[in-house]
Amino acid sequence: MKHKVLVTGVAGFIGFHTTQKLLAETDYQVVGLDNINDYYPMTLKFERLKALGIHPDFVRYNQSIKSKKNDRFEFIRLDLTDEKSLIELFQQNSFDRVIHLAAQAGVRYSIDNPNAYIQSNVVGFNNILEACRKFPVQHLVYASSSSVYGLNKEQPFSVNHKVDQPASLYAATKKSNELMAHTYSHLFGIPTTGLRFFTVYGPWGRPDMAPMLFAKAILNGDPINVYNNGKMARDFTYVDDIVDGVFKVLSAVPEPNHNSVPYRVFNIGNSEPVQLMDFIEILGKELGKEVKMNFMPMQDGDVVSTYADTSELSEAVGYQPKTTIKEGVHHFVQWYLDLYGHR
């Protein structure tokens, strides 16, 4: 029996890779949803869709398009704040499961554009929850973020730590998603799993994130901005490892917890923080270029380091990241050079 899955944010970085993984398995039928906003160049989002068999010329708002590459995939351009159309989509499709990855991303952008985060990450998520309530699903898996740990200095970050000191509005919206999901799990019995992603990187990544910004600058011979004078560490996690975790979680529907609520939250990361300067060195070597750096002070909304304790996810579904930082950067660089023609 095929499972019908809705993937929101399908034209985004993780959504694209997750959909590829689902379609590689024969027992999943996937409907992908994305509003294709202009937070970063829409051309990259359309390139991801083309790789999934959706030609940009045929994309229309709230109209379903069948993939030319896989008859188990269709795409709909839709904004999550369009509650009426979203409810109609659920009514027409009877989804078994939902993977909610759509969100307004970016920590620093939230400082100057707060309303975009409230609309997409809070209003949009509430609309997803309402759709899952009116048309019950077996499991809602949604993207949270390591940013919820905020000013917490105790590491590695554990899901048992307090997360009530966010350092950005983006982080606050992601924590609000966890609280909203718990409420709907408690009141309406919707099984929900939140995944706190830790610094995902790899092919088809977002151009506003460090790997893409650094690669572009290094190849152009421009200096890269290195914040907090390079004294930072990130739990860089290769996208294939992330998607493997999402895939495992999707099939593992949460049982009611000690409070009789079918709700849980997991960290999903590499559990091996990498010093930013080491990451830059590896990237420069893979690109075969000298790296020029501008050392800068810490940015508002940022944190010094991230480090995931993934023991609970490992115990629950057997999650085990396999990609080393050198392997991951190598794969990323090969993709970047192929796409942008720097040979």
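Summed over the range 183-227, residues that are within 30 Å of Glu130 (Cβ to Cβ) and among the hydrophobic types (A, V, I, L, M, F, W, C) total 7.
Scan the range 279-289 and tell me whether some residue there is in contact (Cβ under 8 Å) with a residue 24 or more places away in the chain, touching a helix residue (DSSP H, G or I) at 6+ places or on another chain (Cβ under 9 Å), within 24 Å of Ser168 (Cα to Cα) and among the charged types (D, E, K, R). No, that holds for no residue. In this structure, Asp222 qualifies as surrounded by fewer than 16 Cβ atoms within 10 Å (Cβ to Cβ), out of contact with any Pro (no Cβ under 7 Å at 6 or more places or on another chain), charged (D, E, K, R) and farther than 15 Å from Ala105 by Cα. Of everything in the range 82-112 that is under 30 Å from Gln299 (Cα atoms) and among the aliphatic types (A, V, I, L, M), the residue that is surrounded by the fewest Cβ atoms within 10 Å (Cβ to Cβ) is Ile111.
Report yes if Asp235 is over 24 Å from Ile118 (Cα atoms), surrounded by fewer than 21 Cβ atoms within 10 Å (Cβ to Cβ) and of a type in the set (Asp, Glu), otherwise no. No; evaluated as a whole, the condition is false for this residue.
In the range 299-316, the residues that are modelled with pLDDT under 85 and part of a loop (DSSP other than H, G, I, E, B) form Cβ pairs under 7 Å with partners that are hydrophobic (A, V, I, L, M, F, W, C) and surrounded by fewer than 16 Cβ atoms within 10 Å (Cβ to Cβ), at six or more places apart or across chains, as follows: Asp300/Ile111; Gly301/Ile111. All of Asn152, Asn160 fail the test of being in a loop (DSSP other than H, G, I, E, B), polar (S, T, N, Q) and touching a residue at least 12 places away in the same chain (Cβ under 8 Å), apart from Asn152. Any residue at all in the range 250-259 that's closer than 15 Å to Ile218 by Cβ and over 18 Å from the mean Cα position of the chain (by Cα)? No, the range 250-259 contains no residue that is closer than 15 Å to Ile218 by Cβ and over 18 Å from the mean Cα position of the chain (by Cα). Hey, any hits in the range 113-130 for a residue that's surrounded by fewer than 23 Cβ atoms within 10 Å (Cβ to Cβ), touching a Lys or Arg at 6+ places or on another chain (Cβ under 6 Å), not β-branched (Val, Ile, Thr) and not in a helix (DSSP H, G or I)? No: zero hits. Does the range 263-272 include one or more residues that are crowded, with 21+ Cβ neighbours inside 10 Å, touching a strand residue (DSSP E or B) at 6+ places or on another chain (Cβ under 7 Å), of a type in the set (D, E, K, R) and within 20 Å of Gly318 (Cα to Cα)? Yes, some residue in the range 263-272 is crowded, with 21+ Cβ neighbours inside 10 Å, touching a strand residue (DSSP E or B) at 6+ places or on another chain (Cβ under 7 Å), of a type in the set (D, E, K, R) and within 20 Å of Gly318 (Cα to Cα).
In the set (1) more than 20 Å from Glu272 (Cα to Cα); (2) in contact with a Ser or Thr (Cβ under 9 Å, 6 or more places away or on another chain); (3) buried (at least 24 other Cβ atoms within 10 Å of the Cβ); (4) of a type in the set (Ser, Thr, Tyr), Ser146 fails one condition alone, (1). For the range 163-192, residues that are outside any helix (DSSP H, G or I), crowded, with 17+ Cβ neighbours inside 10 Å and of a type in the set (Gly, Ala, Ser) total 2.
Restricting the first member to the range 254-271 and to residues that are in contact (Cβ under 8 Å) with a residue 12 or more places away in the chain and within 15 Å of Phe188 (Cβ to Cβ), and the second to residues that are crowded, with 20+ Cβ neighbours inside 10 Å and polar (S, T, N, Q), the beta-carbon pairs closer than 6 Å and six or more apart or on different chains are Pro254/Thr193; Val261/Ser185; Pro262/Ser185; Tyr263/Ser185; Tyr263/Thr192.
Can we say Lys326 is surrounded by fewer than 18 Cβ atoms within 10 Å (Cβ to Cβ), farther than 24 Å from Ser158 by Cα, touching a residue at least 60 places away in the same chain (Cβ under 8 Å) and not aliphatic (A, V, I, L, M)? Judged against the criteria, Lys326 is not a match.
For the range 76-116, a tally of residues being of a type in the set (Phe, Trp, Tyr) and modelled with pLDDT under 95 returns 1.
The values are calculated or read from the model by the stated rules, or taken from the named source; none is laboratory data. Predicted model, so just to flag it, every value in this text is computed and none were measured. Backbone-built Cβ (ideal geometry, glycine too); neighbour counts: all protein chains shown.
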